[in-house]
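Visitor: Would you mind keeping the following structure in view while I ask a few things?
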Amino acid sequence: MYEVKAVDNRIWMKLSGNIDAEKAAEIAETLRCLVASGLAIFVVDLSDVGFIERVGLEFLLDVQERVRLRGGCVVIKGLNGTGWQRGESAGAKNQIACE
């Protein structure tokens with residue numbers, strides 16, 4: 001499950017539950033469309049996520065890079081409590097700008 005809303009010229013995305021490959025692809029497509037529309041400030045809240053597969057972290061890295069190239073930023077909140085589906089995900093976690 002995820003919720004997207006615009007607040008103060010920012011896009012807030014609140015994710016919940018478990019992020020598997022299918023859900024990650026759906027979320028990634030939503031974020032890519034928002035980035036393509038010119039929006040540049042994103043806050044992604046993972047505090048209610050039970051676990052996230054590596055592909056979920058990879059889409060966050062992809063979106064973060066797309067936004068950075070447009071002069072914007074992505075803030076990831078609540079990542080510390082998130083479980084990891086696979087051990088190698090910790091490497092991707094270290095590449096994400098978190099708050």
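We did not get these values from a lab; they are worked out from the coordinates using the rules stated. Here the structure is a predicted model, which means the values were calculated and not measured. Virtual Cβ from ideal backbone geometry, glycine too; neighbours counted across all protein chains shown.
Visitor: If the chain between ASP8 and CYS73 were fully stretched, how many nm would it gain, using 0.36 nm times the residue separation less the Cα-Cα distance?
Guide: Value of the extension gain: 22.0 nm.
Visitor: Within the set of other residues whose C-beta is less than 12 Å from the C-beta of VAL67, count the net charge using Lys and Arg as +1 and Asp and Glu as -1.
Guide: +3
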